[in-house]
Amino acid sequence: MARLPAREIIDLVSADFRELVVEHAAEPEDGPIGWPGYRDARDAAAGRSGESESVVCGTAKLGGVEAMLIAFEFGYLGGSLGQRTGDRIEAAFARARALRLPVVSLIATGGSRMQQGMRALTQLQRLARAAALARAAGIPQISVLRDPTTGGGWATLGAGADVVLALPGAQVGFAGSRVRPADAPAEAYTAEAKFAAGQVDQIVPPEQLAGALERWLLLLTSRSDAPAEPPAALRATTSPKTGWEAVQAARDGSRPRAGEYLDAYFDWREEISGDRCGGVDTGVSCGFGRRDGRAIAFAAQCGTATTPAGFRTAARLVRLATRLGVPVLTLVDTPGAANDAAAEHAGAGPAIADLFEAIATADPGSVTTLVIGEGGSGGALAFAAPGSTWVTPDAYFSVTSPEAAASILKLPAAEVPALADRLRLRPQDLVDLGVARAVVGPAKCV
């Protein structure tokens, strides 16, 4: 993949860039630690790249949204982070906070600038603080990982963004190619590898980058005080007469699943991926969608046992939406949390606790839940909003499955249907118990 210069990547995503001019303090001829030939290296880099530093910052419109762009110039000393790089990025974040603009970082860097010693390395602290102040102010941040994104650039602006996009084939990793172990497989340090490990949300080809950024900025900057309305049921059916009928309806292979509900509910949507610490659960779909002119975030179980990565990804989504003032829709459909040895090793308990806390601390009324299938115990309840949960006629919610109840009570399998009745897990039971507000019906034709 070609390494696009900073100005070209800027032109690729916007046509009206306005550069931010930053005044820099004078520095010694050969930098803060007197590195021999540093001045000559800077002059040569400026001649090759046409830039006076390794980063270009300024405002631009991406679609209909004004944003602050931070574009690295790899042709200037490998896009390395030095004192003046930190000056510019810090000023860009400050201006973004003052103007309430989202920040888009177009990253291509080899890391900290060796010729400035620890002065360069400490720029990472400045970047981290600038990003943290913007996060506290509710400013959305998107990073685009270009080739390469390594060292401190990856470990601050890259990995720390709310949404992480990457160009195909980009080298991504904390260790650059010249300092990693000689036997380290190169394929582990790619955008695709980071996507598979839950550290990148989307891989976006260059020709699709402008459109992707426009959609994401529209979604992340659309605050709303109104909660999400629960979706209508996608299958017209009567309420089950028995608990076992409710269980069988929820387990019916032809029942509508989360993907169908999301397709029917949103005009269009974008997904995030992974828990940012090594895990991806394909049975949990999370992201932001556009419905009737406003943004709504979603975290949906897709009918499988939810893994720790799924709970952590959903918690990340809920916290991000809460910070940005975007309402959340959750869809419950799982036989329960994954309970195998791998799930225990990956921290099932802490991951479930994390999601419980994220929903519990969200703004009151900002999370809406619809139970669309199986509601299996705590693994399902972690996705549910207290006081704001609805249920479809072909769903159930239970403290445990009828089969597990029989096992716990040491009863024969023949007792399972009767236990389903005793558990009071039908949709109408959930309303009577105050667990659900109502049973939703199908959408009315107008």
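The values are calculated or read from the model by the stated rules, or taken from the named source; none is laboratory data. Please read all numbers here as calculations on a predicted model, not as lab measurements. Don't worry about glycine lacking a Cβ; one is built from the backbone with ideal geometry, like all the others, and counts go over all protein chains shown.
Taking the condition farther than 27 Å from E415 by Cβ and touching a residue at least 12 places away in the same chain (Cβ under 8 Å), does A384 pass? Talk me through it step by step, then tell me what you get.
Values: farther than 27 Å from E415 by Cβ: yes; touching a residue at least 12 places away in the same chain (Cβ under 8 Å): yes.
Yes: the conditions hold for A384.
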(request) Quick one: which residue in G293, G303, G310, G274 is at pLDDT below 95 and of a type outside the set (D, E, K, R)? (result) G293
(request) Filter the range 423-446 down to the residues that are more than 21 Å from D252 (Cα to Cα) and of a type in the set (D, E, K, R), then identify the one that is surrounded by the fewest Cβ atoms within 10 Å (Cβ to Cβ). (result) K444
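Kindly establish whether A315 is part of a helix (DSSP H, G or I), over 12 Å from G198 (Cβ atoms), touching a strand residue (DSSP E or B) at 6+ places or on another chain (Cβ under 9 Å) and of a type in the set (A, V, I, L, M, F, W, C). So that I can check it myself, show each step before the final result.
Details: part of a helix (DSSP H, G or I): yes; over 12 Å from G198 (Cβ atoms): yes; touching a strand residue (DSSP E or B) at 6+ places or on another chain (Cβ under 9 Å): yes; of a type in the set (A, V, I, L, M, F, W, C): yes.
So A315 fits the description; yes.
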(request) Collect the residues in the range 248-291 that are surrounded by 19 or more Cβ atoms within 10 Å (Cβ to Cβ) and out of contact with any strand residue (DSSP E or B) (no Cβ under 8 Å at 6 or more places or on another chain), keeping them in residue-number order. (result) A249, G274, D275, R276, G279
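Picking from R129, R95, which residue would you name as being charged (D, E, K, R) and closer than 17 Å to L81 by Cβ?
Values: R95 fails: closer than 17 Å to L81 by Cβ.
Exactly one of R129, R95 is charged (D, E, K, R) and closer than 17 Å to L81 by Cβ, namely R129.
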(request) Kindly indicate the residue of the range 82-109 that is of a type outside the set (A, V, I, L, M, F, W, C) and under 25 Å from the mean Cα position of the chain (by Cα) and also nearest to E214 (Cα to Cα) among those meeting that condition. (result) P102
(message) Being surrounded by fewer than 18 Cβ atoms within 10 Å (Cβ to Cβ), assigned to a loop (DSSP other than H, G, I, E, B) and modelled with pLDDT of 95 or more narrows it down to one residue among P181, P168; which is it?
(response) P168
(request) Could you list, in sequence order, all residues of the range 132-153 that are under 15 Å from S80 (Cα atoms) and either basic (K, R) or surrounded by fewer than 21 Cβ atoms within 10 Å (Cβ to Cβ) (or both)? (result) R146
(request) Mind checking which helices (runs of 4 or more DSSP H) fall wholly inside the range 1-118 and carry at least 1 residues that are surrounded by fewer than 17 Cβ atoms within 10 Å (Cβ to Cβ) and in contact with a strand residue (DSSP E or B) (Cβ under 8 Å, 6 or more places away or on another chain)? (result) 6-13, 83-99
(request) Select, from R276, R235, the only residue that is under 27 Å from L355 (Cα atoms) and among the charged types (D, E, K, R). (result) R276
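Collect the residues in the range 402-446 that are touching a strand residue (DSSP E or B) at 6+ places or on another chain (Cβ under 7 Å) and of a type in the set (A, V, I, L, M, F, W, C), keeping them in residue-number order.
Start the filter on the range 402-446 by keeping residues that are touching a strand residue (DSSP E or B) at 6+ places or on another chain (Cβ under 7 Å), which leaves 423, 425, 427-428, 430-431, 435-442.
Passing the criteria: L423, L425, L430, V431, V435, A436, A438, V439, V440.
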(request) Give the range 386-401 a look and list any residue that's surrounded by fewer than 24 Cβ atoms within 10 Å (Cβ to Cβ) and touching a helix residue (DSSP H, G or I) at 6+ places or on another chain (Cβ under 7 Å), or say none. (result) P393, V399, T400
(request) Could you list, in sequence order, all residues of the range 388-417 that are assigned to a helix (DSSP H, G or I) and without any contact (Cβ under 8 Å) to a residue 60 or more places away in the chain? (result) E403, A404, A405, A406, S407, I408, A413, A414, E415
(request) Assess whether E374 counts as being part of a helix (DSSP H, G or I) and either surrounded by fewer than 24 Cβ atoms within 10 Å (Cβ to Cβ) or modelled with pLDDT of 95 or more (or both). (result) no
(request) Filter the range 353-368 down to the residues that are in contact (Cβ under 8 Å) with a residue 60 or more places away in the chain and within 21 Å of the chain's Cα centre (by Cα), then identify the one that is surrounded by the most Cβ atoms within 10 Å (Cβ to Cβ). (result) V367
